[in-house]
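J.: Input: one structure, supplied below.
The values are calculated or read from the model by the stated rules, or taken from the named source; none is laboratory data. Worth saying up front: this structure is predicted, and the values here are computed from it rather than measured. No Cβ is skipped: glycine too gets one built from the backbone with ideal geometry, and neighbour counts run over all protein chains shown.
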Amino acid sequence: MFKSNKAWQTLAVVAVFVLSLPMTACSQSSSVRSGEQWQPVCLDRFVIEVPPSVEVGASNVVYQGGYNFPGVKSIGATGIKWNGVTLDETHATNEQGLEIFHTVAIRRVGDSESLEKAIKSYEERIRSLTESRDREKPEGRSFIQDVIDGKKRDLAGTLHSYKVSGFASVDTSDAFAMRDDDGYKIGYLDPTDHRVRYFEGQLSPSEAAIESPEAAAQEYERFRRIYHRREVIDIPTGPGYCTAHGFIDEPADYKPQEGDALNLPFRSLKYPNLVFILIVDSANPNRPRNAMEQENPNVVTTKDLQNLKGMAAAGALAALGQIKRTYGPKRIEMAGQSGGRLYGREYHNKGYLEENGPATAYEFEAEVMGVPGQTDRPHIKLQMGAALADAPDLRKGQEPIRPALKGQVPPSFEEGLKIFEEVVKSVRLRLVAQAGADVKGVIKASNDPAVGTSAQ
């Protein structure tokens with residue numbers, strides 16, 4: 001649904017031909033809330049408010065299936081990577097859903113027959129290389145010996161992997177913990193909300209030194225201690241990290257790892273067509289601190305036009321008839337960070353076209369660049385797309401990907417802009433209980449203003 005930055009830049013080419021129409025929407029959003037108490041939701045280390053009630057997406061019940069909503073797929077949200085660990089929280093499922101993840105893990109466990117084949121292959125290759133080395137002139141033997149040494153290391157690694165890989169013992173039948181060389185795959189079915197929780201990462205050096213699959217059990221036990229199931233209306237009060245449907249305890253001095261990122265969808269059921277995606281990752285020291293200093297996605301230069309060739313030129317011409325108007329970039333603040341920008345595009349009545357028909361009536365994006373090394377100032381990007389229902393006349397063989405939106409229409413472009421700006425202004429760092437305070441658990445959000453304030 002949401003196009004990549006590259007796709008947005010390609011579409012920007014048509015802004016040369018399509019006039020940016022005057023905007024009648026104003027940034028004042030008093031009419032948006034109209035005295036309504038918006039509902040807070042916690043994602044990453046931030047709180048965001050949306051019109052009640054809020055729904056946060058979940059993972060498909062398949063390995064690395066991406067995040068979406070029931071009946072609203074193909075929205076481009078990829079999930080979570082925390083502390084080097086990939087995390088899935090699925091839609092409600094059953095034992096068969098857990099078995100899907102279990103089967104993926106099983107495929108990574110080698111058997112004796114596979115081990116014998118691998119050993120034989122390495123030994124034959126080493127033997128062949130050794131014979132070649134012995135026939136080689138002295139000056140050429142060194143290189144071949146380096147290759148032989150590499151193959152011997154590979155053989156030793158294979159033997160180690162088969163020795164330590166396998167399933168560890170866990171305390172319930174609705175869970176598994178598997179070691180894959182020096183990595184692990186953990187899954188369990190929560191009996192309360194019936195979602196599979198799946199964790200995949202690398203063992204610590206001390207755990208990797210354990211020459212047994214039982215090292216994976218330590219990671220299983222650790223995540224059962226630090227990860228807690230959470231309703232989306234629950235706002236944690238202690239230090240930690242909000243996932244889509246859970247919370248991870250963190251020490252107060254925790255520093256995110258390079259490559260950690262959150263990419264999750266959420267929406268208000270009051271406006272089910274407005275799909276938000278929050279993206280949080282580390283600030284890039286090689287990018288400008290001020291988002292307004294980046295290339296304007298709604299402006300194209302003569303040089304840009306000259307660089308369009310082949311399929312890119314064809315794509316620009318195809319997009320020409322789709323953009324109705326552009327908005328911004330506009331300077332904003334978000335999550336206590338200045339130097340951000342907001343921009344968007346509206347498409348003609350049929351919406352931006354994808355393979356199965358109109359997908360998006362309009363899109364907005366807000367971004368702040370963050371400060372490298374500061375947990376409280378990461379790079380943040382918030383997107384909102386006005387999703388459209390599947391085309392009524394799908395081609396033969398096509399299956400609907402947004403059946404839940406059938407008959408539903410998004411708000412107007414002007415109203416959508418007001419809602420988006422209000423959501424952007426609500427993004428803030430979650431206040432945490434002071435260090436040393438004996439406070440654990442969550443605060444359940446409600447329409448009570450006092451509760452809403454204390455939960456922030």
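J.: Could you please find all residues in the stretch 68-85 being under 16 Å from the mean Cα position of the chain (by Cα) and part of a strand (DSSP E or B)?
T.: Of everything in the stretch 68-85, those that are under 16 Å from the mean Cα position of the chain (by Cα) and part of a strand (DSSP E or B) turn out to be ASN68, PHE69, LYS73, SER74, ILE75, GLY76, ALA77, GLY79, ILE80, LYS81, TRP82, VAL85.
J.: Right, here's the next one. Picking from VAL85, VAL104, which residue would you name as being on the phi < 0 side of the Ramachandran plot, assigned by TED's automatic domain parsing to the domain that holds LYS185 and touching a residue at least 60 places away in the same chain (Cβ under 8 Å)?
T.: VAL104
J.: Next up: If you scan the stretch 252-288, which residues turn out to be at pLDDT 90 or above, of a type in the set (D, E, K, R) and over 13 Å from PRO378 (Cβ atoms)?
T.: Across the stretch 252-288, the qualifying residues are ARG267, LYS270.
J.: Which of the following residues is in contact (Cβ under 8 Å) with a residue 60 or more places away in the chain and either β-branched (Val, Ile, Thr) or assigned by TED's automatic domain parsing to the domain that holds GLY57 (or both): GLY407, GLY397, GLY416? Please lay out each step first, then the result.
T.: On the way: GLY407 fails: in contact (Cβ under 8 Å) with a residue 60 or more places away in the chain; GLY397 fails: in contact (Cβ under 8 Å) with a residue 60 or more places away in the chain.
Matching residue, one of GLY407, GLY397, GLY416: GLY416.
J.: Run GLU55 past the list (1) of a type in the set (Asp, Glu); (2) on the phi > 0 side of the Ramachandran plot; (3) surrounded by fewer than 19 Cβ atoms within 10 Å (Cβ to Cβ) and report the number of the one that doesn't hold.
T.: (2)
J.: Of a type in the set (S, T, N, Q), in contact with a His (Cβ under 9 Å, 6 or more places away or on another chain) and under 24 Å from VAL424 (Cβ atoms): which single residue out of ASN60, ASN68, ASN94 fits that description?
T.: Checking each option against the conditions leaves just ASN68.
J.: What's the number of the only condition in (1) in contact with a strand residue (DSSP E or B) (Cβ under 7 Å, 6 or more places away or on another chain); (2) surrounded by fewer than 11 Cβ atoms within 10 Å (Cβ to Cβ); (3) of a type in the set (Lys, Arg) that ARG108 fails to meet?
T.: Condition not satisfied by ARG108: (2).
J.: A further question follows. Check whether at least one residue in the stretch 202-222 is crowded, with 18+ Cβ neighbours inside 10 Å and closer than 30 Å to LEU429 by Cα, and report yes or no.
T.: Taking every residue of the stretch 202-222 in turn, at least one turns out to be crowded, with 18+ Cβ neighbours inside 10 Å and closer than 30 Å to LEU429 by Cα.
J.: Is it true that some residue in the stretch 389-399 is of a type in the set (S, T, N, Q), at pLDDT 90 or above and surrounded by 13 or more Cβ atoms within 10 Å (Cβ to Cβ)?
T.: Quick first cut of the stretch 389-399, residues of a type in the set (S, T, N, Q) only: 398.
Right, trim to at pLDDT 90 or above and you get none.
No, there is no match, as no residue in the stretch 389-399 is of a type in the set (S, T, N, Q), at pLDDT 90 or above and surrounded by 13 or more Cβ atoms within 10 Å (Cβ to Cβ).
J.: OK, next. Among the residues of the stretch 339-352, is any modelled with pLDDT under 75, exposed (fewer than 15 other Cβ atoms within 10 Å of the Cβ) and in contact with a strand residue (DSSP E or B) (Cβ under 7 Å, 6 or more places away or on another chain)?
T.: Yes, there is a match, as at least one residue in the stretch 339-352 is modelled with pLDDT under 75, exposed (fewer than 15 other Cβ atoms within 10 Å of the Cβ) and in contact with a strand residue (DSSP E or B) (Cβ under 7 Å, 6 or more places away or on another chain).
J.: Out of (1) without any contact (Cβ under 8 Å) to a residue 24 or more places away in the chain; (2) over 30 Å from ASP171 (Cβ atoms), what's the single condition that is false for SER206?
T.: (2)
J.: Right, another one. Give me the helices (runs of 4 or more DSSP H) completely within the stretch 132-238, filtered to those with at least 3 residues that are outside the structural domain of PHE69 (by TED's automatic domain parsing) and under 30 Å from HIS91 (Cβ atoms), ordered by residue number.
T.: 215-226
J.: Evaluate the following for ASP88: is it buried (at least 17 other Cβ atoms within 10 Å of the Cβ) and outside any loop (DSSP other than H, G, I, E, B)?
T.: yes
J.: Right, something else. Going by what's in this entry, would ARG229 be described as closer than 22 Å to ASN83 by Cβ and surrounded by fewer than 16 Cβ atoms within 10 Å (Cβ to Cβ)?
T.: Details: closer than 22 Å to ASN83 by Cβ: yes; surrounded by fewer than 16 Cβ atoms within 10 Å (Cβ to Cβ): no.
No, not satisfied.
J.: Hey, among the residues in the stretch 235-289 that are without any contact (Cβ under 8 Å) to a residue 60 or more places away in the chain and loosely packed, with under 15 Cβ neighbours inside 10 Å, which one's nearest to the chain's Cα centre (by Cα)?
T.: Only one residue tops the list, namely GLU258.
J.: Right, another one. Answer yes if at least one residue in the stretch 19-37 is at pLDDT 80 or above and more than 23 Å from VAL423 (Cβ to Cβ), and no otherwise.
T.: no
J.: Could you tell me whether the stretch 36-44 includes any residue that is loosely packed, with under 14 Cβ neighbours inside 10 Å, over 16 Å from the mean Cα position of the chain (by Cα), of a type outside the set (Asp, Glu) and more than 30 Å from SER282 (Cα to Cα)? Don't jump to the end; show me each part of the working.
T.: If we filter the stretch 36-44 for residues that are loosely packed, with under 14 Cβ neighbours inside 10 Å, which is where we start, we get 36.
Imposing the further condition that a residue be over 16 Å from the mean Cα position of the chain (by Cα) reduces the set to 36.
In the following step, the residues that additionally are of a type outside the set (Asp, Glu) were identified as none.
No - not one qualifying residue is present in the stretch 36-44.
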